[in-house]
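Undergrad: Following this message is one structure expressed as structure tokens.
The values are calculated or read from the model by the stated rules, or taken from the named source; none is laboratory data. Because the structure is predicted, anything quoted here is derived from the model rather than measured. Note: ideal-geometry Cβ built from the backbone for every residue, glycine included; neighbour counts use all protein chains shown. The protein model used for the area step is the full one, side chains on, heavy atoms only, and it has no ligands, DNA or RNA in it. Shrake-Rupley method; radii C 1.70, N 1.55, O 1.52, S 1.80 Å.
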Amino acid sequence: MNKIKENLEKETQKEAEKAKDTTRYTLQAGSFKNKADADRRRATAALSGLPVKVQKVTVKEGEEWYRVVVGPFTGKENAKDARQTLQGEGIDS
């Protein structure tokens, strides 16, 4: 019985810490020179139900890349959960 109570207390504490953290996090799920590659990664990530978009960036004059970004998420724990979801889809972030 004590083990159950301990686990419940830990979960309650985790939830309280989650509620306190208002920091916004965004994950990068890839960066590609080719827009089609970025769109493919976006589609794969979107299947997980997470908010995802492609951002076009210029890294130096005449050189454009397409970043696949996931989020934003409020709190570190939510970002960690999203990262685990992406990993389950075979996507590093």
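Undergrad: With a 1.4 Å probe and all protein chains left in place, how much of the accessible area of the chain comes from carbon and sulfur atoms, in whole percent?
TA: With neighbouring chains kept in place, the figure for the chain is 47 percent.
Undergrad: Next question. So, by mean Cβ neighbours within 10 angstrom, what's the order for 69-76, 31-38 with the highest one leading? Could the numbers behind the result be given before it?
TA: On the way: 69-76: 18.0, 31-38: 14.0.
So the order, starting with the most tightly packed, is 69-76, 31-38.
Undergrad: Right, next: Using amide H atoms built 1.01 Å from N in the peptide plane, name the residues 5+ places from residue 29, or on other chains, whose amide H lies under 5 Å from its own.
TA: Under 5 Å from the amide H of residue 29: 68, 69, 70.
Undergrad: Distance check, please: which entries in 10/53; 33/80; 60/80 exceed 29 angstrom between their Cα atoms?
TA: Cα-Cα > 29 Å for 10/53; 60/80; rest within.
Undergrad: Taking 1 over the mean of 1/r across every pair of different Cα atoms in the range 17-59, what Kirkwood radius in Å do you get?
TA: 12.2 Å
Undergrad: Which whole-number value in Å² is the accessible area per residue of the chain, probe 1.4 Å?
TA: 73 Å²
Undergrad: Related question: If you average over every viewing direction, what projected area does the convex hull of the Cα atoms of the range 13-87 give, in nm²?
TA: 5.4 nm²
Undergrad: Okay, moving on. How large is ³J(HN,Hα), in whole Hz, for each residue of the range 39-50 in order, when computed from phi with the Karplus curve 6.51 cos²θ - 1.76 cosθ + 1.60 and θ = phi - 60°, using x for Gly and Pro?
TA: 5, 5, 5, 4, 5, 4, 5, 5, 4, 7, x, 8
Undergrad: Separate question: Sequence gap at least 6, Cα distance under 8 Å: using those rules, report the relative contact order of the range 29-79 to the nearest whole percent.
TA: Contact order relative to length: 40 percent.
Undergrad: Check which residues have an amide H placed less than 5 Å from residue 89's amide H, if you skip close sequence neighbours.
TA: HN-HN under 5 Å from residue 89: empty list.
Undergrad: Follow-up. Which whole-number percent gives the relative contact order of the chain, counting Cα pairs below 8 Å spaced six or more residues apart?
TA: Taking the mean separation of contacting Cα pairs over the length of the chain, I get 35 percent.
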